[in-house]
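Read-outs throughout are calculated quantities, based only on the coordinates presented, and are distinct from any laboratory measurement. The model shown is predicted, which means the values in this text are computed figures rather than measured ones. Backbone-built Cβ (ideal geometry, glycine too); neighbour counts: all protein chains shown.
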Amino acid sequence: MTDVRDELRELGRGIAVKARDDLADVVLARIRTAPRRTHKWRRWLAALGALLAAVGVSAAVSAPVRATIAQVFRFGGTEVHSGVGPTPVASPSLPGASRTDLAAAGRDVGFVVRTPVALGPPESVTVVGHRVVELRFSRPSGPVQLDEFVSDSDIMFDKYTMSGLAQRVDLNGGDAFWFELPTTLVYVLPGGVAAPESARLTNGTLLWMVDGVTYRLDGVRPLAAALAVASSMQ
Amino acid sequence: MIARVIAGERDLFGILVTRYGTLAQRTAVLCGAASDADDVVQEAFVSAYQALPRFNVREAFRPWLLRIVVNQTHNTTRARNRARKLADRVASWHHDVVADEPVATALSLERRDELLRALGELRESDREILAFRYLLDLSEAETSIALKLPKGTVKSRTARALRRLRDILAVQRIEVGVGDD
């Protein structure tokens, strides 16, 4: 007589149940639109994601330190492309941006907004879509902008480098990326759609992450000055 | 691959969903999700994605995912099942497993019904362990992770559940035999 275990296996093979055909699409769509949570574990997730992303980047941008970006790499919620990208607009605007102050900005985005002592208090504070804080400073050399956002797996900015060059630098023992030459920066809406009206040209960008938050400093040159500003964050 | 998903290549997760979708769906149904199976599976994959950073990439993904499916099924059905009689639950389990369309199988329809009826008479935990070990054909190790039980417990419970199943089947035979006389 057949063993009942074999019969059960046979019964299992006869199960007609299947996943719906569009399951992967439905799940991916839900993941993309899942609301940001700022639970402790989520911050931890972001930190780990950042760590893994940084490891990936180390491999992607190999020694010598200054390397040509082959295609695309991701670092701290930013996807860096080698290419021209969308045309920068004269007065870039980010959908969902509103003026606020430092304390309110932190409450809105769910992390502590830090400021660089080296630049003094910001001239203006803007929150974009409850997820990005923009601090603007006025310097004799020109306008300076510092953006802060949680660097989880969502891509929030596309960055296009026309020279195809990025420099990996050390910032207080962590990885940072320096873009010496002009790049085009485009804000990416939740859902992954880029907002062309946000395309702006940046000159001298330092990108780094601390505790799951990405910082992007635009407009401070040369590299040594940018590193000094980044080191003065409080 | 999983490390790459965690690192931000979100769309790669779609490959995992496609690969394990049907297994997840069967698991949900066998754990009693019934008409909620679609929702349970979606919910489980979204939860799995969010929990990925806690997943140890050196471990097996399949049983880890199935544990999430089991938890999700139990969470979804707990409230509903409390209000339903055991008999209804078993009936729905039968219906889902058998399905309406004829499926190629070496078992006779009669034998299939016998087995299903016998499984239906088992207590929930016995049925679940047999479903994992044989209907889904998972190893002891995988079952132990998916059901969050020590390996030794999986072994002893499986043996006990099989014994009970054989007993029930034997009684069914006798009853059928008597009916034929």
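Table for the structure above
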{"read-out": "Cα centroid separation, the stretch A:190-223 to the stretch B:1-22 (Å)", "value": "27"}
{"read-out": "Per-residue Cβ neighbour rank within 10 angstrom, fewest leading, B:ILE174, B:ILE15, B:ILE2", "value": "B:ILE174, B:ILE15, B:ILE2"}
{"read-out": "Label-point gap, in nm, between B:ARG19 and A:ALA29 - each point 7 angstrom along Cα→Cβ", "value": "2.5"}
{"read-out": "Average other protein chain Cβ within 10 Å of Cβ, residues B:133-139", "value": "4"}
{"read-out": "Peptide A:26-33, shielding by other chains (average Cβ, 10 Å cutoff)", "value": "6"}
{"read-out": "Mean Cβ neighbour count within 10 Å, used as a protection proxy, ranking A:100-112, A:8-20, B:63-75 highest first", "value": "B:63-75, A:8-20, A:100-112"}
{"read-out": "Packing rank of B:140-148, B:22-30, where each peptide gets the mean count of other beta carbons within 10 Å, highest leading", "value": "B:22-30, B:140-148"}
{"read-out": "Computed magnitude of the charge dipole of the stretch B:1-63 (debye, nearest 20; Cβ of K, R +1, Cβ of D, E -1)", "value": "340"}
{"read-out": "At R0 = 51 Å, FRET efficiency that the Cβ-Cβ distance of A:ARG221 and B:ARG58 yields, to 0.05", "value": "0.70"}
{"read-out": "10 Å Cβ neighbours from other chains, averaged over peptide B:123-130", "value": "1"}
{"read-out": "Relative contact order (%) - the stretch A:96-203, alpha-carbon pairs under 8 angstrom, separation at least six", "value": "17"}
